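Encoded as C-alpha cells, the structure appears first; notes follow it.
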Amino acid sequence: MKPRELVQALRAMGLTQKQIQERTGIPQPTVSKIGLGRVRDVMSRHYVALLTAYEHQVKVQAAEMASAPTSFHWPRVND
C-alpha cells in the first residue's frame, strides 16, 4: 500500500488524524497532507510507522470481530 492509502485505510477504520498521530508519531498536519496526497516523498520512517499502525489496527479489529457475540440463529425445521 502507498502511504496515502494507509492513511485513508486507517481513517476508514475509524481512527482520527489525531489518533494516527498518537500511534505513529507523525504530526497531525503531516498525516493530513499524506492522506490528501500532498506529500510526494514520505520519509521511510513515516511509511513504516503507518504500515505498523495499519497492521496493528487490522489485528485489533479482527480480534474484536472474533470475540463479538453473533446473533445469528439457524431457523428451526418443522417436522
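Do the sum for the chain: with -39,500 (n - 2.57) for every DSSP H run of n ≥ 4, divided by all residues, what is the mean residue ellipticity at 222 nm, to the nearest 500 deg cm²/dmol?
-20500 deg cm²/dmol, from helical runs alone.
Please give the per residue volume of the convex hull enclosing the alpha carbon atoms of segment 3-67, rounded to a whole number of Å³.
It comes to 67 Å³ per residue, whole-number rounded.
What helices does the chain hold that run 15 Å or longer along their axis, going by alpha-carbon atoms, with a Kyte-Doolittle average of -0.5 or more, using DSSP H for the helix calls?
The answer, listed by residue number, is 44-67.
Could you please report the charge total around Val42, scoring K, R as +1 and D, E as -1 over all other residues with beta-carbon less than 15 angstrom from its beta-carbon?
Residues close to Val42 contribute a combined charge of +4.
Only the coordinates and a few stated rules stand behind these numbers; no lab work does. Note that the structure is a prediction, hence the values are computed from the model and not measured. Glycine gets a Cβ as well: all are built from the backbone with ideal geometry, and neighbour counts include every protein chain shown.
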